[in-house]
Amino acid sequence: MNAKLKIALLSMLGFSTVACCGSKKAGGKKDDAQPQIIESDSINTGIILMYGVPFPDGRPASPISEEEAAKRVEEIRTNEAATEDNVEVQKKEENEEEITIQRGPAPAPDGTLVTPITEEEAAKLIEEMESDKGKAQHGPARLPDGSAASTLSEEEAAKRVAEMEAKSEQAQK
Amino acid sequence: MKGQRLGLRKQIGLKLFNSLYDTAVERHTLRTLFWECTLRCNLKCRHCGSDCRTDVTERDMPLADFLRVLDEEVTPNIDPSQLLIIFSGGEVLVRSDIEEAGREVTRRGYMWGMVTNGMALSRERLRSLVAAGLRSISVSFDGFEPIHNHIRGNAHSFERARAAISYIREIEGLTYDVITCVTPALVERLEEWKEYLISEGITRWRIFSIFPAGRARHDDTLHLNAEQFRHLMEFIRHTRTEGRIDLNYACEGFLGGYEGEVRDHFYMCNAGVSVASIRVNGDISGCTSVRANYTQGNIYRDSFWQVWQDRFEVFRNRRWAHKGECAECRVWEFCRGGGMHLRDDDGELMYCHYKMLK
Ligand code: SF4
Ligand code: SF4
């Protein structure tokens with residue numbers, strides 16, 4: 001399975017492996033800059049070290065006036081007040097849903113937004129891809145065949161993943 | 001609470017991420033280079049130097065020595081526009097030639113950034129740093145005034161950090177974040193602290209915690225107990241779902257059920273994989289948080305590039321860490337023995353984040 005596919009799968013599972021080159025505005029929202037997909041060796045750029053600094057975005061820095069800066073903070077505060085209701089709704093949803101996708105879907109390698117899929121769909125998808133290739137692949141093993149992932153206990157799921165990995169390794173030999 | 005439990009979705013994600021990590025290790029593309037340009041500092045923070053790794057009487061590294069490494073070893077081997085150079089300390093701003101250093105690395109096509117406590121960051125100084133090409137800056141901001149000043153050991157440190165952040169906000173396009181080292185005094189007030197940061201217009205926030213080692217070992221005002229640590233994880237997870245401020249827990253360690261929920265990425269120790277550092281005495285290592293024992297060479301003796309390419313085995317192949325409690329650990333596959341900074345001089349594990357989540 002190549003890196004792009006793995007990144008796409010991670011995105012579909014609701015996990016981000018990308019570093020965004022657009023700076024983030026107040027309220028945690030990204031601005032209009034297109035998120036940039038960083039491939040395998042560069043999953044690193046989004047990772048924040050204990051004593052590091054965030055990776056810069058694409059723009060050079062330039063000063064704005066003190067007044068403009070104060071105005072922007074004021075805007076943030078006003079937006080905050082306006083979105084309080086939304087936050088309440090979000091809080092409620094969060095309690096209701098066990099799996100919370102962080103910050104919405106991550107972009108796919110072609111830049112399009114990927115709609116998160118369920119665990120079952122992901123399991124099916126991985127299995128399809130594996131059987132398409134007709135041979136065992138290096139890397140993450142196939143998921144339990146046929147049975148719905150959600151009906152498995154954690155232990156059982158882990159056991160089956162391990163079994164698949166062992167088979168995969170054997171097939172490679 | 002999520003605790004240690006890893007759901008199936010997360011296990012699949014971690015397995016996928018694991019294989020991407022293997023590729024990253026294989027390629028070990030250098031993306032971040034720390035230049036520890038000084039160990040001098042204008043503060044005496046309680047947690048600083050907790051790894052007791054270096055002598056603070058060490059003189060600053062001359063800029064020319066660092067530039068020589070860039071010119072002879074780094075620039076010929078990489079695309080400078082893809083490498084972030086981080087000036088680190090001590091407190092970087094005690095050096096008077098930071099602007100010159102910034103201009104020189106910018107002229108060579110590199111991005112650069114720095115971490116500061118804000119004490120010496122006036123509006124004018126910041127603007128001259130920006131003119132010298134500064135692209136990213138992080139400011140330490142550890143909680144409300146008494147908490148911050150207690151940790152930083154200076155009665156004016158809170159006000160200075162706050163002012164520094166306000167100057168930073170005046171710069172369009174400058175990437176920044178605020179770093180909070182969460183201590184027991186702050187842990188119960190995290191919600192309040194978050195509201196304060198948001199009201200100050202801060203959009204990006206990073207949290208880390210201190211583990212009991214070195215100077216910090218016997219200071220109970222610094223480290224979180226298991227319950228406080230879990231509270232912190234819950235707080236970060238919840239804050240990220242709100243989407244009001246962009247919050248991340250630093251790389252540090254594997255977080256079990258919180259993986260994928262308290263950071264933008266899964267746990268990964270990049271030291272020696274994509275991160276290198278040149279220490280003030282010329283030592284070459286992974287990230288600056290790692291102890292001196294893991295030094296891989298010295299720029300005054302060795303070729304930096306050869307060291308980066310051919311050594312660093314201890315960072316890139318963590319099988320050696322599969323001992324003690326890690327040997328028995330059911331999440332070894334995803335954690336690989338934790339961050340390099342969590343290993344003592346003998347390679348023994350000093351702290352396990354995952355265990356704190358029991
Ligand atoms: S015991 Fe070791 S491998 Fe397991 S979680 Fe802790 S540091 Fe990681
Ligand atoms: S050594 Fe620690 S701080 Fe450095 S990259 Fe690894 S986990 Fe992060």
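The values are calculated or read from the model by the stated rules, or taken from the named source; none is laboratory data. Computed from a predicted model, the values in this text were never measured in an experiment. As a convention, Cβ positions derive from the backbone with ideal geometry for all residues, glycine included, and neighbour counts pool all protein chains shown. With ligands, DNA and RNA removed, areas are computed over all heavy atoms of the protein, side chains included. Shrake-Rupley method; radii C 1.70, N 1.55, O 1.52, S 1.80 Å.
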Could you pull out every residue, at least 5 positions away or on a different chain, whose amide H is within less than 5 Å of the one on B:I85? Hs are placed 1.01 Å off N in the peptide plane, and Pro or chain starts have none.
B:L33, B:M111, B:W112, B:G113
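Heavy-atom accessible area per residue, chain B, 1.4 Å probe: how many Å²? Don't skip to the end; give the middle numbers.
Numbers: 12290 Å² over 358 residues.
Using a 1.4 Å probe on heavy atoms only, each residue of chain B averages 34 Å².
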Report, in order of residue number, the helices in chain B meeting two criteria: a C-alpha extent of 15 Å or more along the helix axis, and a mean Kyte-Doolittle hydropathy of at least -0.5; treat each whole DSSP H run as one helix.
B:8-27, B:157-169
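Test of understanding: given chain B, find the longest segment containing no GluC sites (Glu not before Pro) that are in a DSSP loop and have at most 12 other Cβ atoms within 10 Å.
Values: sites that count: B:E188, B:E328.
Value returned for the longest uninterrupted segment is B:1-187.
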For chain B, which whole percent of the accessible surface, found with a 1.4 angstrom probe, sits on carbon and sulfur atoms?
47 percent
Expressed as a whole number of Å, what is the distance separating the alpha-carbon centroids of segment B:161-218 and segment B:285-339?
29 Å
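State, as an integer percentage, the relative contact order of segment B:93-248 based on alpha-carbon contacts under 8 Å between residues 6 or more apart.
Details: 210 pairs, mean separation 29.2, N = 156.
With pairs under 8 Å counted, the relative contact order is 19 percent.
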How compact and how long is chain B, expressed as Rg and Dmax of its alpha-carbon atoms in Å?
19.8, 55
Relative contact order (%) - chain B, alpha-carbon pairs under 8 angstrom, separation at least six:
20 percent
Sum up the charges of everything whose Cβ sits under 10 Å from the Cβ of B:V94, counting Lys and Arg as +1 and Asp and Glu as -1, but leave B:V94 out.
0
Shape parameters for segment B:1-130, alpha-carbon atoms, Rg then Dmax in Å:
19.0, 53
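How much net charge surrounds B:H322 when only other residues with a Cβ under 14 Å from its Cβ are counted (Lys, Arg +1; Asp, Glu -1)?
Numbers: positive: B:R318, B:R319, B:K323, B:R330, B:R336, B:R343; negative: B:E325, B:E328, B:E333, B:E348.
Net charge around B:H322: +2.
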With Cα springs under 10 Å, the Gaussian network model of chain B assigns the largest mean-square fluctuation among B:D310, B:D283, B:D344 to B:D310
